[in-house]
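Chemist: This structure is in structure tokens; I'll ask about it shortly.
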């Protein structure tokens, strides 16, 4: 019997993520497949849950709500930053996305919304926040024998 994907499986798959109008955001179908560790994946929860129970050879396409993917836009995630924070090498332009360092050393992408006389409006919402997305997968392999389990 074929192995089903569980919360600790190692999975090899092809996937695509599109807008509901068919615009492709990203896809691995014409490239190398993606290997994900279900226990420690960066995929949003809705995408992870859509994989549970699938087996090698299965195909699935689901339209996921914003709650299942990247959440809703939050106006509190738009911040004014001093124009002086931007260097000559990194001049802000409306629509450009920059990685900003957080106090804990992480990188957080922010998109420039507006440039004012001495400040810049930066949107730290995920670019896909608020959008329903179509998630398609083709499961190539499921490995539960070498599944990652957390240390006790």
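Chemist: List 11, 120, 134 from most exposed to least, where exposure is judged by having the fewest other Cβ atoms within 10 Å. Walk me through the numbers on the way to the answer.
Modeler: Details: 11 25, 120 22, 134 18.
The order, fewest Cβ neighbours first, is 134, 120, 11.
Chemist: Along the Cα→Cβ direction, 7 angstrom out, place labels at residue 63 and residue 119. What is the inter-label distance in nm?
Modeler: 3.9
Chemist: Of the residues 54, 133, 96, which exhibits the maximal mean-square fluctuation in a Gaussian network model of the chain defined by a 10 Å Cα contact cut-off?
Modeler: Maximum fluctuation in the GNM of the chain, among the listed residues, is at 96.
Chemist: Would you mind pulling out the separation of the Cα centroids of the stretch 103-149 and the stretch 56-96, in Å?
Modeler: The two parts, judged by their Cα centres, are 6 Å apart.
Chemist: Compute log10 of I(q)/I(0) for the stretch 51-134 with the Debye formula, placing one identical point scatterer on every Cα and leaving out solvent, at q = 0.10, 0.11, 0.23, 0.25 Å⁻¹, to two decimals.
Modeler: -0.38, -0.44, -1.11, -1.22
Chemist: Note the full-extension length gain between residue 145 and residue 32 as 0.36 nm times their separation in residues minus their Cα-Cα distance, in nm to one decimal.
Modeler: 38.4 nm
Chemist: So which residue, out of 100, 124, 72, gets the largest mean-square fluctuation from a GNM of the chain using Cα contacts under 10 Å as springs?
Modeler: Comparing 100, 124, 72 in the GNM, the peak value goes to 100.
Chemist: Over the Cα atoms of the chain, what radius of gyration and what Dmax do you get, in Å?
Modeler: 19.1, 65
Chemist: If each DSSP helix of 4+ residues adds -39,500 (n - 2.57) and the sum is divided by the residues in the chain, what number results at 222 nm, nearest 500 deg cm²/dmol?
Modeler: Helix contribution divided over all residues of the chain: -1000 deg cm²/dmol.
Chemist: Which translational diffusion coefficient, to the nearest whole µm²/s, is obtained for the stretch 75-123 from the Stokes-Einstein equation, given a Kirkwood hydrodynamic radius over C-alpha pairs, 25 °C and 0.890 mPa s?
Modeler: 222
Chemist: Next question. Once you've got the GNM for the chain with C-alpha springs shorter than 10 Å, pick whichever of 61, 18, 87 has the biggest mean-square fluctuation.
Modeler: Highest fluctuation among the options: 87.
Computed from the coordinates by the stated procedures, all read-outs in this text should not be read as laboratory data. Quantities reported herein were computed from a predicted structural model and do not represent experimental measurements. Heads up, the Cβs are rebuilt from the backbone with ideal geometry, glycines too, and the neighbour counts pull from every protein chain shown.
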